[in-house]
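Peer 1: So that we are looking at the same thing, I have put the structure below in structure tokens.
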Amino acid sequence: MSDIKNQIEQEIENARTVCSTEGETSSECAAAWDAVEELQAEAAHQRQKHPEKTSFQQYCDENPDAAECRVYDD
């Protein structure tokens, strides 16, 4: 995940450079910011596919027999 964060940071820097040289209203500037948005969307999609576990979920993974982690079927 840190790899995509690095790519986003690089694309943001690139977009700022392009916009400062080509102009804020240029098509190159818009395309550079589109690339940033696409990477951010991909990062959000990856987070959604693999949500981080909460501390409680990690605890239950490590201690499945703990009373607070037991699940009872009705």
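Peer 1: Report the percentage of all Cα-Cα pairs in the chain whose separation exceeds 21 Å, rounded to a whole percent.
Peer 2: Tail fraction, whole percent: 53.
Peer 1: Give a quick list of chymotrypsin sites (Phe, Trp or Tyr not before Pro) in the chain that DSSP marks as loop, anything other than H, G, I, E or B, with at most 13 other Cβ atoms within 10 Å.
Peer 2: When the chymotrypsin sites (Phe, Trp or Tyr not before Pro) of the chain are filtered for loop state and at most 13 Cβ neighbours within 10 Å, Tyr72 remain.
Peer 1: Filter the GluC sites (Glu not before Pro) in region 1-71 to those in DSSP coil with at most 15 other Cβ atoms within 10 Å of their Cβ, and list the result.
Peer 2: Sparse-neighbourhood loop GluC sites (Glu not before Pro): Glu24, Glu52.
Peer 1: OK, next. Hey, got a sec? Which trypsin sites (Lys or Arg not before Pro) in the chain land in a DSSP loop and have at most 13 other Cβ atoms within 10 Å?
Peer 2: When the trypsin sites (Lys or Arg not before Pro) of the chain are filtered for loop state and at most 13 Cβ neighbours within 10 Å, Lys53, Arg70 remain.
Peer 1: Still on this structure, please answer the following. Which value, in Å², gives the accessible area per residue of region 1-58 when a 1.4 Å probe is used on the protein heavy atoms?
Peer 2: Spelled out: the 1.4 Å probe surface of region 1-58, per residue, equals 78 Å².
The values are calculated or read from the model by the stated rules, or taken from the named source; none is laboratory data. Just so it is clear, the model here is predicted, and its values are computed rather than measured. FYI the Cβ positions are ideal-geometry reconstructions off the backbone, even for glycines, and counts take in every protein chain you see. With ligands, DNA and RNA removed, areas are computed over all heavy atoms of the protein, side chains included. Shrake-Rupley method; radii C 1.70, N 1.55, O 1.52, S 1.80 Å.
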